[in-house]
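These notes are about the structure you will find just below.
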Amino acid sequence: MSTGLCEEIASRIADPGRVAVREQAGHTWSWDGLLRAAEDLAGHLGQRGPLRLAAVRTGRPVLTLVATLACDLLQVPLMHLDSGQTEAEYARVTAAFGPHLLLADPRPGADLGPETRPAPAWERHGLSLAVSTSGGGDGAAFGSPRSGIFLTSGSTGEPSGAVRSARAQIADSLRCAAAMGYGPTTPVVCAAPVVHLYGHTLGLLAPLLSGAPVTLCGSRVVPSQLAAAVRDSGARVLIALPFHYRLMAADTTSRFDGLERALSAGAPIPGGTAAAVMKAHDFALLNMYGCSEAGAITVKPVDPERDRPGDVGRPLPGIVATLREVAYADGADGAGELQLATETLADGYAHVDGVRPLSLNGDLLRTGDLATLGPDGSIRLIGRLARMINVAGKKVNPVEVERVLAEHPAVTEAQVFAEEDGGRGQVPVARVAASGPVTADELIGWCQERLAEHKIPRRIQVTDGLPRSATGKVLYPRPAAPAPETEPEPEKEGSA
């Protein structure tokens, strides 16, 4: 049987009485305190008999951690859910996973099920959670015990649940801790949602496994609150989202004295935003590229002057990147579908009938990302196979069109996707966020000067902002049907 998270943490911590986690509200938790709370919760849940699957949905990040450790002790897979979901969204997402035990914050008027009751055995730890049975009936097992189920971003439709074993989570977390220089003398502030793999790995498991104390802020914070958390904790590392850095770029008063490194993931940081942040502050700005199926893939310092669009850096140690030849690669020399060999791969995707396999080519994960590899092994992303648009047999990479639109002085962001067309099968259409006055006709004229005719968006909507997920990733409409003659797409969404 593989080592669990609790065993691994206990074996690595020299001073279990030292503060491990600080909450924004001021509560502190030692390593010992976290493990005791997990043992209490595990004992409470164990009284209910054998469990097939548990799920956690809470607004307090530390409770996600306690639930993770408790389910690790019970050897029960745990699914991580967004506390901001409505009851209808929760029901829709979890329908694919079948019966499970739900751990959730009590909500006034919310019907969590017929067996809802508090967990008095661990109230002394400052916890308040409702425990209820959801689903009912039997269902298939979800791979190895102690797995975590992380929902992919769902940027083009309903998310899937990547099943990650404890072994994969530990290896990924230790790799990330090494890349970010975590240790007992490098306090961390985390403002990324811990229900997603980025925040869960960099903000919970990697600090615990490396002895780095972490302050959990929650994601709905502004620069002044982040700066206060950095100041109060003496943080050297910040884990945040692209929108936090967009706010920092516009904030000229908040100071992050002592901060050495700030990491972003979920979507690229626009060059202008990165330049403004780096001009105003002394910390190094880094970007992580990864996915729920493989974990962290690259961590790269941001260089607004030298970086080309799509540059994400070299794979982290232990990861091998190769390219698979595809029928269409946007005309880029040597481009293909990015494939990865790593020991941190997920077991597959969770469904009501068990675990379905990843999209593999032998032992290699097919990421669905179109990319090129530089002489030093560095990765440059140039698009997604699933997003290719087939215009009367001519392929259009929407990323190319988005970059042309983003070059317009008034455009801050652009989003291009396929729309069905009776004569040509599909045509590209676009949404753009603008910082100044600009019309759709003006933008179409801009594209006509820079793109072949079949690549020009047939319709452009100008908006104040693009729709985004909880992690800041731009959400795309789900295609009604795959474009003819395109490569098959793995069932995944990149998490960074």
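Bear in mind that the values in this text are calculations on the coordinates, not laboratory data. It should be emphasised that the depicted structure is a prediction, and the values quoted were computed from it without experimental measurement. Neighbour counts are summed over all protein chains in view; Cβ atoms, including those assigned to glycine, are modelled from backbone coordinates with ideal geometry.
General remarks:
- Amide hydrogen neighbours beyond the local backbone of residue 347, cut-off 5 Å, H modeled: 163, 164, 165
- The equivalent ellipsoid of the range 1-64 has semi-axes of 22, 18, 10 Å, largest first, where each one is the square root of 5 times an eigenvalue of the Cα gyration tensor.
- The HN-Hα couplings worked out from phi for the range 145-151 by the Karplus form 6.51 cos²θ - 1.76 cosθ + 1.60 (θ = phi - 60°) are x, 6, 6, x, 10, 10, 6 Hz, whole numbers, x standing for Gly and Pro.
- Gain upon complete extension [residue 279, residue 171; 0.36 nm per residue less C-alpha separation]: 35.4 nm
- Shape class of the range 357-409 from the Cα gyration tensor (axes a ≥ b ≥ c, square roots of the eigenvalues): oblate, since a/c reaches 1.5 or more and a/b does not exceed b/c.
- Taking packing as the residue-averaged number of other Cβ atoms within 10 angstrom, the listed peptides 378-385, 261-268 run from highest to lowest as 261-268, 378-385.
- Normalised Debye scattering of the range 178-326 at q = 0.09 Å⁻¹ gives log10 I(q)/I(0) of -0.26, counting only Cα atoms as equal scatterers and leaving out solvent.
- Label-point gap, in nm, between residue 300 and residue 18 - each point 7 angstrom along Cα→Cβ: 3.4
- Fully extending the segment from residue 260 to residue 361, taken as 0.36 nm per residue of separation minus the present Cα-Cα distance, adds 32.4 nm.
- Per-residue Karplus couplings for the range 160-176, computed as 6.51 cos²θ - 1.76 cosθ + 1.60 with θ equal to phi - 60°, are listed in order as 9, x, 7, 8, 10, 5, 4, 4, 5, 5, 5, 4, 5, 5, 5, 5, 5 Hz, Gly and Pro entered as x.
- Descending semi-axes in Å of the range 5-381, equivalent ellipsoid built from Cα gyration tensor: 32, 27, 18
- Expressed per residue, the C-alpha convex hull volume of the range 388-463 stands at 74 Å³.
- Cα-centred dipole magnitude for the range 388-463, charges only on beta-carbon of K, R (+1) and D, E (-1), debye, nearest 20: 200
- Taking amide H as placed 1.01 Å from N in the peptide plane, the amide H of residue 292 sits under 5 Å from that of 493, 495, each at least 5 places away or on another chain.
- Taking a ≥ b ≥ c as the square roots of the eigenvalues of the Cα gyration tensor, the range 307-394 is classed as oblate, since a/c reaches at least 1.5 and a/b does not exceed b/c.
- Summarising the label geometry, the points placed 7 Å from Cα in the beta-carbon direction at residue 440 and residue 11 lie 6.0 nm from one another.
- For the range 206-218, the Karplus equation 6.51 cos²θ - 1.76 cosθ + 1.60, evaluated at θ = phi - 60°, returns couplings of 4, x, 4, 6, 10, x, 8, x, 10, 9, 9, 9, x Hz by residue, with Gly and Pro reported as x.
- Environment charge at residue 218 (Cβ cut-off 14 Å; Lys +1, Arg +1, Asp -1, Glu -1): 0
- Three-way shape call for the range 271-346 based on the alpha-carbon gyration tensor, with the a/c threshold at 1.5: oblate
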